[in-house]
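What follows is a single structure, written as structure tokens, with notes after it.
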Amino acid sequence: MDNIILEKGRKIAYFSMEIGLKKEIPTYSGGLGILAGDTIKASADLGLPLIGVTLLNRRGYFMQKLDSAGRQTEHPQEWSPSDFMQPLPAEVTVTIQNRDVKVKAWFYEHQSLTQETVPVLFLDTDVEGNSMEDRQITHSLYGGDRKYRLKQEMILGIGGVRMLKELGYSITKYHMNEGHSSLLALELLHQNNVSVSKVKELCVFTTHTPIESGHDVFSHDLVMELIGQNSDFEILKKYGGEHQLNMTVLGLNLSNYVNGVAKRHREISEKMFPGYKFNSITNGVHSYTWVCSHFRKLYDEYLPGWANEPELLVRVRSIPDSEIWDAHEFAKKDLIDYVNRECGNDMDYDTLTIGFARRITEYKRPTLIFSDLKRLRKVNEAGKIQLIFAGKAHPKDEQGKKFIEMIFRYAEELKSEIKIAYLENYDMDLSLKMVSGVDVWLNNPRKPLEASGTSGMKAAHNGVVNFSVLDGWWIEGCVEGVTGYSIGPRPEVDKSLEQIEMMELDDLYNKLEYIIIPKYYWRKDEWVNLINNSIELIAYYFNSHRMMHRYVTEAYL
Ligand SMILES: *Cc1c(COP(=O)(O)O)cnc(C)c1O
């Protein structure tokens, strides 16, 4: 304990319900958490005075097991916080249903290669003096019912601000990521004589989802039950919605700077929330974290300093093509060996390998490539392909779970022709294996539901070619035939949903058959060119260093 020296100069508090720093700390579920982790890491590299705030999630998200039919079961991911972080003696309370719930914090310190550090506070209610029920508030990420969620958000928002104050930090910007932490603005109102203009000055709000149901809404009955019918309730009514508490609206109303996470997402957000002005800062990934060992070695040799200056990747052509190709082949071998070991497949190293891994849910359309098996077979006859899938479905997303089972059925049906594997328990380590080890990274969400997406940026960092619907970041990243390939029309094309899906399917099959396969098998030099372009024109820009420079100059300062 005595060896923690809290460095009180931290000015920016980054709040997120989930933060994904590494596989062993399973307090993340998907893109939002990974982005938060990458933000912490880039901030440390750059020496920014930032501090992360999140919940401890002692049971993690969940560990996924799949049976032979692809049926998912969920298991707790018990982990031991004391292996990674230290408990702080400080304690604050948050009043929930007239009970004082005690909140403590664990102190984690992310250490950058540049020797700078960024701390993260993991809030914990599983402490002595709390009831059994209250102890569970910080156990499960995205678990439980609405009441459980609102309690978590009270701890994160209100408890988080109180803890920062208790520890002696004087924060000048509170960065809310999604509405999960919007209640921090309520607490700031109390700390600032209910001055809305002062609080707005202190707050930055980033929305990460263009889906209506992705925005947290709570009934006033529930708010009254947990918070009480008092002045707080009146404030929440005034700034968070007359009829129900919309956490995004609360964040929007109490922040001077508001942004979406890609240019397109900004437009969609302004349509969803008329009257609010959004900025846009396109997401990026932490380059060092998301480059596999083989490419790290190459970049270290030819582009020294790249890890803290990923712009240097723009000079990727100083690396000989043969070495680029070898690095890719090594990464691919690692993945194929892993698949064959895990799934008992006999995939080979020379077959064009397509990867698809992300949260499994309807809008991501994980089975789109199986829409027309005749055409998929024709693609495979033009030049062999093999497919590798991974991803968890939320425990309550029955439809998402069905998608996994469907992929297992297609794999069985096609097994004599196309090798298809589904890897269990998608996490950060598996993600890196996949985004570096396949040849083509497939992404086909239903537009415009992908706010940004980041896995394709990771793929590009490893010279893996993007093949994606023009949504989120890819609208900005895609130069057709140069940095990768698009699926379907540009976003501004005005067509019915059915027509768009037809065009997407045409592109999916035609580009594979007539462009991607021929290039991969018979024009290797052009393929290596695509690899180089991905690194030169995507990775050098779509990284979290560039993203944090933007947040600092536009949102924080
Ligand atoms: C990068 C990453 C994501 C986000 O990927 P998207 O393509 O943006 O959905 C989700 N989960 C894990 C484990 C990741 O590493």
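Each reported figure results from applying straightforward, stated rules to the coordinates on display, with no laboratory input. Given the structure is predicted, the values throughout are model-derived calculations rather than measurements. Quick reminder, even Gly has a Cβ in these numbers, built from the backbone with ideal geometry, and neighbours come from all protein chains shown.
Is the range 197-237 best put as rounded, prolate or oblate by its Cα gyration tensor, with a ≥ b ≥ c the root eigenvalues, rounded for a/c under 1.5, and otherwise prolate when a/b is larger than b/c, oblate when not?
oblate
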- Item | Reachable lysines, given that their alpha-carbon falls under 22 Å from the alpha-carbon of Lys41 and they are not under 8 places away in the same chain | Lys8, Lys11, Lys22, Lys23, Lys173, Lys297, Lys433, Lys458
- Cα-based helix-to-principal-axis angle, 263-272 vs the chain, degrees rounded to 10: 50 degrees
- Formal net charge of residues neighbouring Asp429 (Cβ-Cβ distance under 9 Å; K, R +1; D, E -1): +2
- Task: Mind ranking 60-73, 433-446 by how tightly packed they are, going by the mean number of other C-beta atoms within 10 angstrom, highest first?
- Result: 433-446, 60-73
- Query: Which shape class applies to the chain: rounded if a/c is under 1.5, otherwise prolate when a/b exceeds b/c and oblate if not, where a ≥ b ≥ c are the square roots of the Cα gyration tensor eigenvalues?
  - Reply: prolate
- Item | Alpha-carbon centroid distance for the pair the range 457-531 / the range 180-246, whole angstrom | 41 Å
- Message: Can you return the lysines within cross-link range of Lys519? Criterion is Cα-Cα under 19 Å, with same-chain partners fewer than 8 residues away left out.
- Response: Lys332, Lys378, Lys384, Lys511
- So, counting K/R as plus one and D/E as minus one, what does the shell of residues with Cβ under 14 Å around Arg149 add up to? -2
- Which residue, chosen from His220, Trp106, Ile158, occupies the Cα position most advanced towards the positive end of the dipole of the chain, where the dipole is computed from +1 (Lys, Arg) and -1 (Asp, Glu) charges on Cβ about the Cα centre? His220
- Message: Could you work out the relative contact order of the range 481-557? I mean the mean sequence separation of Cα pairs under 8 Å and 6+ apart, divided by the number of residues, in percent.
- Response: 35 percent
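Based only on other Cβ atoms within 10 Å, what is the fewest-to-most ordering of Trp290, Trp522? Write down the numbers at each step before the final one.
Details: Trp290 26, Trp522 10.
Neighbour counts put them in this order, fewest first: Trp522, Trp290.
Using a cut-off of 10 Å between beta-carbons, work out the net charge of the residues near Glu405 (Lys and Arg +1, Asp and Glu -1, Glu405 not included).
The answer is +3.
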- Expressed as a whole number of Å, what is the distance separating the alpha-carbon centroids of the range 89-165 and the range 380-410? 36 Å
- Indicate the gyration tensor shape class of the range 1-88 (rounded, prolate or oblate), computed on the Cα atoms with a ≥ b ≥ c the square roots of the eigenvalues: a/c under 1.5 is rounded; otherwise a/b larger than b/c is prolate and the rest oblate. prolate
- Message: Checking the cross-link filter: which aspartates and glutamates have an alpha carbon closer than 19 Å to that of Lys402, excluding same-chain neighbours under 8 positions apart?
- Response: Asp67, Glu74, Glu362, Asp372, Glu412, Glu413, Glu424
- By how many degrees, between 0 and 90 and to the nearest 10, does the Cα long axis of helix 231-240 differ from the longest principal axis of the chain? 30 degrees
- Task: Averaging sequence separations of C-alpha pairs under 8 Å and six or more residues apart, then dividing by the length of the range 20-149, give the relative contact order as a whole percent.
- Result: 27 percent
- For the range 305-371, size of Cβ-based charge dipole, Lys and Arg +1, Asp and Glu -1, in debye: 460 debye
- Query: Expressed as an acute angle from 0 to 90° and rounded to the nearest 10, what is the orientation of the C-alpha long axis of helix 31-46 relative to the principal long axis of the chain?
  - Reply: 80 degrees
- Message: For the pair Glu267/Ser322, report the inter-label distance in nm, with labels modelled 7 Å from Cα in the Cβ direction.
- Response: 4.7 nm
- For the chain: relative contact order, % (alpha-carbon pairs under 8 angstrom, 6 or more apart): 14 percent
